[in-house]
Amino acid sequence: MYNTPSFNTLNTRETAVDKRILTVLAVLACIVGGLTAETKKADVPPADMPDLTESSKLPARMPKTVAGRVYVDKNANGRCDSGEALEGARVTDGVGFVKTDATGKYAITIKPDPLVPYLPSRTVSVCWPDGTWPIQKHRGGVWSWWARLKDIKDAKAVDFPLAPRKGKTPICVAFGTDPHDALRREQNNIFRDEIARAKNHATFALMCGDLGYLGFGNADRDYADIQRYVNNFPTLMMNCIGNHDVVGAHSKWWQTPHELSGNGAFIKYLGPIRWSFDHAGVHFVGVDWMLIDEKGHIQCGLADSSIDWLEKDLKSVAKGTPVYFFNHQPWSPNQKFYKVCAKYGVKLCIGGHSHRNMYLALNGGVEYWTKMSLYTLIYIDKNGFEFVDRCIYRGGRNGWNGNWHHSSRACALYTNPGAEKAQRDKHVSTESVRITSDSKSLKVPEGPTCDIYIGARGVG
């Protein structure tokens, strides 16, 4: 076990309810919730939305090529001085990559992306290399690793200053997913405060989608709150986009030429939908998850364009480097995704969406997992990874009891109750599970404390 923050141990109280029945009910609840989300009325742009005709004129004024420098700002003076230029750093537009030259300079031509069809929403970002880290000038400010085309004032001077930062393992990732509340509720503050108290314990944080229920009418308001939470988090927080973060997802409105449509609102406030970086000898990569069906609607899965970007990214990773992949839902009907992950030695593909801890598969040496809301600590070193699940309950069917569940690669919830014991014996060390809570930050609800194999949030 790794050294985790200190918490007080509680006595567990058994429940007489049959776990298998609860598992079935949990799965059914998720299915019903998902169907409800799918059958919502189309998210039609409101009548007072800014003029779409004017929005459609913006792409013609967007730069076709973006250039600048990537450098390590060792003296923190905001400019590239002698000896600070970073050669070989990769810059991406979410479709292709270029590398910086010996002077740290790059130039990238923006190529079409079917999942971000509105050009002003496109981004340019740096895949920062090992030994460096993005800069945030002040708490609550924007991090230095990306820029949106609409916000660029000088397309020839889009610089990415980085800070020097050496890393070592184990790396602790504070992994959250599926809050569904624009990060406003108390459990999100508990997440933030616990990470803050364990100073420098988490290397970075990641929120893996379904940050709210976003539509044209509330996108600016809710994403502004989400951005405020993310930028004030105690450590760098990366983000992946979920189905409920895509504006107009279940209609054709996601393709509307406006900055809030589709992935646009997420990008406006949180950054690229595809990103990667290296730290302490480990490669991390995050990708969107969207397939376009024959009706032009968005469905679960990974599009060819996303997988093509992923393969380009993984080709650049040095052989033998552990790779950890994040997206909202780590499975797809597009089999090309699994082939790419196996080909390039991905260790773990992890996401949310299911609202439960579920070991999906071991495919080609890659482990596929989903995690429940709200958060998990993932410890990564040369030998692999370990989960410490943090389950925060807010009542009803939309959360878990407020407990720590600590185990080594455990915490699986199985959708087939008949196979539960066989699968558990194979994958889960049940004796290693212990339930604890930090009494200073969280009051444990009254009543039985269910163990980690039962229950799930009932929305999709």
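The values are calculated or read from the model by the stated rules, or taken from the named source; none is laboratory data. Just so we're clear, the structure is a prediction, and the values are computed from it rather than from any experiment. Counting neighbours? That spans all protein chains shown, and the Cβs are built from the backbone with ideal geometry, glycine included. To get the accessible areas, we keep the full protein, side chains included, count just its heavy atoms, and leave off ligands, DNA and RNA. Shrake-Rupley method; radii C 1.70, N 1.55, O 1.52, S 1.80 Å.
At-a-glance table
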item: Accessible area per residue, Å², the range 190-281 with all protein chains present, probe 1.4 Å; result: 27
item: Shape call, the range 229-271: gyration tensor on alpha carbons, a/c limit 1.5; result: prolate
item: FRET efficiency estimate (nearest 0.05) - Cβ-Cβ, ARG139 to ASN363, R0 35 angstrom; result: 0.30
item: Amide H contacts of ALA89 (H built 1.01 Å from N, under 5 Å, at least 5 apart or other chain); result: THR100
item: Debye, to nearest 20: dipole size of the range 166-210, +1 on Lys, Arg Cβ, -1 on Asp, Glu Cβ; result: 380
item: Under the Karplus curve 6.51 cos²θ - 1.76 cosθ + 1.60, θ = phi - 60°, whole-Hz ³J(HN,Hα) for the range 317-328, x wherever Gly or Pro sits; result: 7, 4, 4, x, 6, x, 10, 10, 10, 10, 7, 5
item: Shape category assigned to the range 233-345 from the gyration tensor of Cα positions, a/c cut at 1.5; result: oblate
item: Fraction of accessible area attributable to carbon and sulfur, the range 258-304 (%, probe 1.4 Å); result: 49
item: The range 186-252, dipole about Cα centre (Lys/Arg Cβ +1, Asp/Glu Cβ -1), debye to the nearest 20; result: 160
item: Peptide ranges 214-224, 257-267 listed from the most packed, as the mean C-beta count within 10 angstrom indicates; result: 257-267, 214-224
item: In Å², nearest 10: area of CYS127 left accessible to a 1.4 Å probe; result: 10
item: Solvent-accessible surface (1.4 angstrom probe) belonging to ILE273, in square angstrom, nearest 10; result: 10
item: ALA342-THR109 pseudo-label distance in nm [points 7 Å out on the Cα-to-Cβ vector]; result: 3.6
item: Rough spin-label spacing in nm, given labels placed 7 Å along Cα→Cβ, for LYS315 and ASP381; result: 3.5
item: Accessible surface of LYS295 - all protein chains present, 1.4 Å probe, nearest 10 Å²; result: 130
item: Accessible surface ranking that places the most exposed of ILE307, ILE152 first, with a 1.4 angstrom probe; result: ILE152, ILE307
item: Average accessible area per residue (Å²) across the range 54-113 - probe 1.4 Å, nucleic acids and ligands excluded; result: 50
item: Amide hydrogen neighbours beyond the local backbone of MET238, cut-off 5 Å, H modeled; result: ALA205, LEU206, MET207
item: Order of exposure, largest accessible area first, which applies to TYR344, TYR375 with probe 1.4 Å; result: TYR344, TYR375
item: Apportionment of accessible area to carbon and sulfur, the range 114-212, percent (1.4 Å); result: 49
item: Inter-centroid distance (Cα atoms) of the range 146-211 relative to the range 69-123, Å; result: 20
item: Two-site label geometry, ARG221 and LYS99: point separation in nm, points 7 Å out along Cα→Cβ; result: 4.9
item: Chain lengthening between SER56 and ASN77 when straightened (0.36 nm per residue, less Cα-Cα); result: 3.7 nm
